[in-house]
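Engineer: Quick one: this structure, given as structure tokens, is what I'll be asking you about.
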Amino acid sequence: MVFSLFRRYLSMGRHNHSSSKVQALYDHCNAIFSPSSTPPPSSPPLHKLSSILDTVQPSDVGLSEETTDDDQGHGFFGMNQLNRSARWAQPITYIDIHESDSFTMCIFCFPTSSVIPLHDHPGMTVFSKILYGSLHVKAYDLVEPPCTVEGKRPGQPQVRLAKLAVDKVLTAPCETSVLYPKHGGNVHCFTALTPCAVLDILSPPYREDEGRKCTYYHDYPYSTFCK
């Protein structure tokens with residue numbers, strides 16, 4: 001159903017202002033991304049993509065901002081009739097807009113206090129635009145060349161060192177955030193402070209058979225392993 005919605009956006013073309021932004025995003029991504037490479041961070045095409053994303057509003061992708069009280073907020077999915085405990089139990093919703101060998105375009109809709117744990121995007125460039133709400137982002141860059149520390153207990157895996165890159169709250173409207181394969185916070189986690197939605201573009205997309213598998217992490221102070 002979501003894919004059909006995206007196709008309708010594309011077929012509407014330039015006749016509708018909202019759909020034209022989705023069309024512009026798709027057309028630009030389709031032009032600059034390929035399955036095997038992404039333009040370098042300083043390239044004009046990537047800057048242009050950020051500029052297009054900066055203009056996107058919730059209504060451009062068919063969403064409306066949450067207007068109820070915070071303890072009732074879980075986006076735009078008509079959950080205001082649920083009791084409070086049921087509302088807090090609602091999961092993060094994933095909306096798949098486009099998936100190809102070159103890039104993924106999707107939306108994550110967060111209930112208040114929901115979390116996407118610490119994870120990575122190996123070899124990928126990711127653009128994230130907060131459409132509405134407030135999101136706490138904590139992100140790390142892995143230290144290069146790789147520096148590992150042996151676990152203290154038998155069977156404990158090696159620990160790889162990372163440095164903090166981002167630790168802040170992003171509130172819409174704000175500029176698009178970009179992370180790159182080696183910097184910008186490629187290992188990150190999100191905590192929703194209010195109901196919020198994030199439009200993501202990832203290139204190249206996750207693909208396990210090509211070494212782009214999502215890995216989840218726990219973060220510990222370096223001092224934990226130096227005592």
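Engineer: Could you order 94, 216 so the one with the most accessible surface comes first? Probe is 1.4 Å.
Structural biologist: 216, 94
Engineer: Compare the peptides 112-122, 204-214, 177-187 by average per-residue count of other Cβ atoms within 10 angstrom and give them in order, highest first.
Structural biologist: Numbers: 112-122: 16.8, 204-214: 13.2, 177-187: 18.9.
Going from most to least packed, we get 177-187, 112-122, 204-214.
The values are calculated or read from the model by the stated rules, or taken from the named source; none is laboratory data. From a predicted model like this one, the values you see are computed outputs, not experimental measurements. Every residue, glycine among them, receives a Cβ derived from its backbone with ideal geometry; neighbour counts consider all protein chains shown. With ligands, DNA and RNA removed, areas are computed over all heavy atoms of the protein, side chains included. Shrake-Rupley method; radii C 1.70, N 1.55, O 1.52, S 1.80 Å.
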